[in-house]
């Protein structure tokens with residue numbers, strides 16, 4: 001395996017981890033905005049309790065992926081950052097607003113009008129961030145950076161639905177039992193169906209406007225990943241309905257990884273189809289080797305720290321919210 005391939009693998013792992021765990025945080029904000037019914041207040045309290053201890057930590061994976069891209073594939077990083085400055089800035093704005101609103105809402109609970117305003121900002125920003133990140137992915141996958149195209153925008157919608165699905169499945173286990181859990185179970189089913197519908201939309205649009213992407217998806221690796229994504233979606237639905245909540249979490253994470261695998265497998269070895277490949281965008285081998293060594297050393301510190309965080313706040317002994 002070449003150093004460039006190794007660096008690309010590290011980047012993809014970081015993106016996958018952010019898509020699953022950061023996506024669950026974004027999706028929690030979506031359900032916070034859509035909280036309804038007699039238990040709306042309890043739904044928001046459960047979401048706050050679920051993401052409060054960990055949501056900031058999940059951004060480490062996005063930062064890690066960006067640093068890797070900047071260090072290991074600088075021409076591609078510069079091209080993407082320049083051409084997709086608008087959607088990436090909007091995504092960043094959503095991330096910043098979301099964090100600020102989450103904090104201000106929770107500290108302003110004694111002033112209902114103020115808390116309600118920040119609740120809207122928190123929910124809206126939780127849609128804005130994944131939408132424009134997904135939109136940027138669509139523009140990269142098409143190879144033309146056309147972030148306002150119907151195809152790119154449809155990928156943004158799909159990204160929001162996927163985040164909502166992951167969050168709903170995660171929140172089912174957070175509530176453990178009772179009517180509140182049933183609320184999130186119904187949302188998990190609805191979000192899974194929405195993922196299928198909104199996942200079909202980019203495919204239909206790609207047939208008409210991005211034929212080269214459809215051709216790339218004929219690659220065996222991409223086809224296997226797409227099939228696995230659909231199969232995992234069915235598994236998620238079955239597990240949620242039957243109450244196998246921990247297994248459903250694992251399955252929905254695998255579904256997200258499979259979706260990304262379809263994208264990665266379809267365009268590999270291109271970083272941006274038609275513009276940059278791993279070979280043309282890669283930094284010198286000495287830089288790549290030094291980076292891989294540094295990443296390996298850093299993982300010895302980062303991974304145990306993240307595991308400790310989850311053990312303390314999400315382990316068997318943690319208080320996972322009421323019913």
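The values are calculated or read from the model by the stated rules, or taken from the named source; none is laboratory data. Since this is a predicted model, take the numbers as computed values, not measurements. Positions of Cβ are generated from backbone atoms using ideal geometry, with glycine treated the same way; all protein chains shown enter the neighbour counts.
Going residue by residue through segment 116-123, is there one that turns out to be in contact with a helix residue (DSSP H, G or I) (Cβ under 6 Å, 6 or more places away or on another chain), part of a helix (DSSP H, G or I), in contact (Cβ under 8 Å) with a residue 60 or more places away in the chain and farther than 26 Å from residue 236 by Cα? Even if it seems obvious, please write down each step before you answer.
Keep residues of segment 116-123 that are in contact with a helix residue (DSSP H, G or I) (Cβ under 6 Å, 6 or more places away or on another chain), which gives 118-119, 121-123.
So of that shortlist, the ones also part of a helix (DSSP H, G or I) come out as 118-119, 121-123.
Applying the additional criterion that residues be in contact (Cβ under 8 Å) with a residue 60 or more places away in the chain yields 119, 122-123.
Restricting the remaining residues to those that are farther than 26 Å from residue 236 by Cα gives 119, 122.
Yes: one or more hits.
So which residues in segment 165-191 are crowded, with 22+ Cβ neighbours inside 10 Å and under 16 Å from residue 232 (Cβ atoms), if there are any at all?
Scanning segment 165-191 gives 165, 166, 168, 169, 170, 188, 191.
Would you call residue 200 over 19 Å from residue 133 (Cβ atoms), part of a helix (DSSP H, G or I) and modelled with pLDDT under 95?
yes
Out of (1) surrounded by fewer than 18 Cβ atoms within 10 Å (Cβ to Cβ); (2) in a helix (DSSP H, G or I), the odd one out for residue 37 is which?
Going through the list (1) surrounded by fewer than 18 Cβ atoms within 10 Å (Cβ to Cβ); (2) in a helix (DSSP H, G or I), residue 37 breaks only (2).
Hey, residue 69 hits all of (1) closer than 20 Å to residue 313 by Cα; (2) touching a strand residue (DSSP E or B) at 6+ places or on another chain (Cβ under 9 Å) but one; which does it fall short on?
So residue 69 meets the others, but not (1).
Have a look at 288, 292 and point out the one that is in a helix (DSSP H, G or I), buried (at least 18 other Cβ atoms within 10 Å of the Cβ) and at pLDDT 95 or above.
Matching residue, one of 288, 292: 288.
Given the residues 164, 152, which is the only one that is assigned to a helix (DSSP H, G or I) and closer than 22 Å to residue 66 by Cβ? Full working, then the answer.
Working: 164 fails: closer than 22 Å to residue 66 by Cβ.
None of the other options fit; the residue is 152.
Determine if segment 137-157 includes at least one residue that is under 19 Å from residue 28 (Cα atoms), more than 20 Å from the chain's Cα centre (by Cα) and free of Cβ contacts under 8 Å to residues at least 40 places away in the same chain.
no
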